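Here's the structure we're looking at; comments come further down.
What follows draws every value from the coordinates through simple rules; no lab data is involved. Note that the structure is a prediction, hence the values are computed from the model and not measured. Note: ideal-geometry Cβ built from the backbone for every residue, glycine included; neighbour counts use all protein chains shown.
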Amino acid sequence: MGFLLLEDGTLLEGVSFGAEGESIGEVVFNTSMIGYPESITDPSYSGQILVFTYPLIGNYGIQFEDRESDTPLLRGVVVKEYCKTPSHWGIDYDIDSFLKRFGIVGLSDIDTRALTRKLRIYGTLRGIISSEEFLPDRKEELMSRILSWHIEDFDFVRSSCVKEPVYLGNGSDRIVLIDCGVKQGIVRSLLEIGFQVVMVPAWFTREDILNLDPDGVLISNGPGDPQRLSYLVETTRELIDENVPLFGVCLGHQILGLALGGTTYKLKFGHRGANQPVKDLITGRVYITSQNHSYVMDSEGLPEDIEISFVNLNDKTVEGLRSTRRPIMSVQFHPEASPGPLDTRFLFEEFIKECMKKNYAA
């Protein structure tokens, strides 16, 4: 047995798999049909209980090469059905064993589509996932724990990023990647272009970063509320003043926007899936993108030279920023996909072109 209890008192009982235990987190849903290994290991899910809308999860197992981080940081996994006998030549783990290894509670036999409808109607809800049988006399205690837990109280970035610089690749040109909980797909994309990548902690200062002599700086994706990361916003503001080429992805996009004077707000239930349509306002072309985020940029308060480059066609939210006179660009979606379409991978090449100009004062 096992259960998921939501902050509105809704109780969903199912069958537990993965690790034993209880965890509190934000309950969010992902609409991708494939890519569950990448989603489970995406650091951006720190502090969250992930609900998959696709009814069968785990049918091709989990391979080490598909992981977006070495250790999954989410609080739980909820599925309609998980596959106990996956079939794929490269399997390293089935999903049950993988979650057990990393202490993640799983819950199956849940009507995930009904749960998703609730989240769409009422917005993201807090909840507690447990591998134990639900006991009615515990409900008051469990509800108290849920309602006293707030995701905004945590800086998940500090626990998601590297603790010291990590050097990857042997290219002659160097990208400093500010790690906020980066997906390995971003690192692979930069290395494939031929750059050396230096991953640094999110708390590195302007001086720390410039001492590495970067040709450009990429601010990665990551978990949590960007407004909590004042230290990174200030560092980004100082790098803008240095005219260093900057590229923000997902959380990095929000950090860059805040550093430019903009504001962010939280979406009702976020964008999570590999099928989010965005429109390039410069070319008019539409792309299908992979996304995982709760917060978005407000279009108000940005400098005159900052233009909105992409918008989400579902809700018209800001999906990209670009400067008309400075080497600054950012996108809310994931150009590297992982999982998802590779339609927008060209954005890495556009960033690299800015880095190769070497026209900034270090």
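Were the residues from ILE121 through THR324 laid out at 0.36 nm apart, the gain over their Cα-Cα distance would be 69.2 nm. Here the spin labels are modelled as points 7 Å beyond Cα on the Cα-Cβ line, and at LYS316 and CYS83 they lie 4.1 nm apart. Each label was represented as a point 7 Å from its Cα along the Cα-to-Cβ direction; for THR205 and SER159 these points are 2.7 nm apart.
For the chain, the share of DSSP beta bridges that are antiparallel, to the nearest 5, is 60%.
Multiply the residue separation of THR71 and GLN227 by 0.36 nm, subtract the distance between their alpha-carbon atoms, and state the gained length in nm to one decimal.
53.6 nm
Only the Cβ atoms of Lys and Arg (+1) and of Asp and Glu (-1) were treated as charged; on that basis the dipole of the chain about its Cα centre amounts to roughly 640 debye.
Across the chain, how large is the tail of the calculated P(r) beyond 38 Å, expressed as a percent of all Cα pairs?
17
Dipole check for the range 2-153: with +1 at the C-beta of Lys and Arg, -1 at the C-beta of Asp and Glu, and the Cα centre as origin, the magnitude is about 380 Debye. When you restrict to C-alpha pairs under 8 Å that are six or more residues apart and normalise by the size of the range 156-357, the relative contact order lands at 18 percent. Most simply put, the range 156-357 has about 60% antiparallel DSSP beta bridges, counting only bridges with both residues inside it. Sequence neighbours fewer than 8 away in the same chain don't count; with that in mind, list the aspartates and glutamates whose C-alpha is under 16 Å from LYS279. Here the aspartates and glutamates satisfying the reach criterion relative to LYS279 are GLU307, ASP315, GLU319, ASP343.
Just to be sure I understand: of the beta bridges DSSP finds with both ends in the range 2-153, what percent are antiparallel, rounded to 5? If you can, show how the numbers build up before the last one.
Numbers: 19 of 32 bridges.
Close to 60 percent.
In this structure, the pairs whose alpha-carbon distance is over 25 Å, taken from LYS100/LYS266; LYS84/LYS139; LYS80/LYS268; LYS84/LYS118, are LYS100/LYS266; LYS84/LYS139; LYS84/LYS118. Values of log10 I(q)/I(0) for the range 156-357 across q = 0.08, 0.17 Å⁻¹ run -0.22, -1.13, by the Debye formula with one identical scatterer at each alpha carbon and no solvent. Based on C-alpha pairs under 8 angstrom that are at least 6 apart in sequence, the range 80-226 has a relative contact order of 21 percent. Please determine, in degrees from 0 to 90 and to the nearest 10, the orientation of helix 230-241 with respect to the longest principal axis defined by the Cα atoms of the chain, where the helix direction is its Cα long axis. Once rounded, one gets 20 degrees. Here's the picture: charge each Lys and Arg Cβ at +1 and each Asp and Glu Cβ at -1 in the range 156-357, and of GLN332, THR236, ILE178 the one pushed furthest to the positive end of that dipole is GLN332. Entry note, the chain: relative contact order of 15 percent, from Cα contacts under 8 Å with a spacing of 6+ residues.
Each helix, a run of at least 4 DSSP H residues, gives -39500 (n - 2.57); summed and divided by the residues of the chain, these come to -6500 deg cm²/dmol at 222 nm.
Between 0 and 90 degrees, the angle of helix 112-122 with respect to the longest Cα principal axis of the chain falls at about 60 degrees. Each pair of Cα atoms in the range 19-85 enters the Kirkwood radius, and Stokes-Einstein at 4 °C and 1.567 mPa s then converts it into a translational diffusion coefficient of 106 µm²/s. Pairwise inverse Cα distances across the range 1-155, averaged and inverted, put the Kirkwood hydrodynamic radius at 15.4 Å. For the range 263-351, GluC sites (Glu not before Pro) are listed when DSSP marks them as loop and at most 16 other Cβ atoms sit within 10 Å of their Cβ; the list is GLU300, GLU304. The residues packed around ASN211, meaning those with a beta-carbon under 13 Å from its beta-carbon, carry a net charge of -2 if Lys and Arg are +1 and Asp and Glu are -1. What net charge is computed for the residues neighbouring ILE57, neighbours being all others with C-beta under 9 Å from the C-beta of ILE57, Lys and Arg scored +1, Asp and Glu -1? Every neighbour counted, the sum reads 0.
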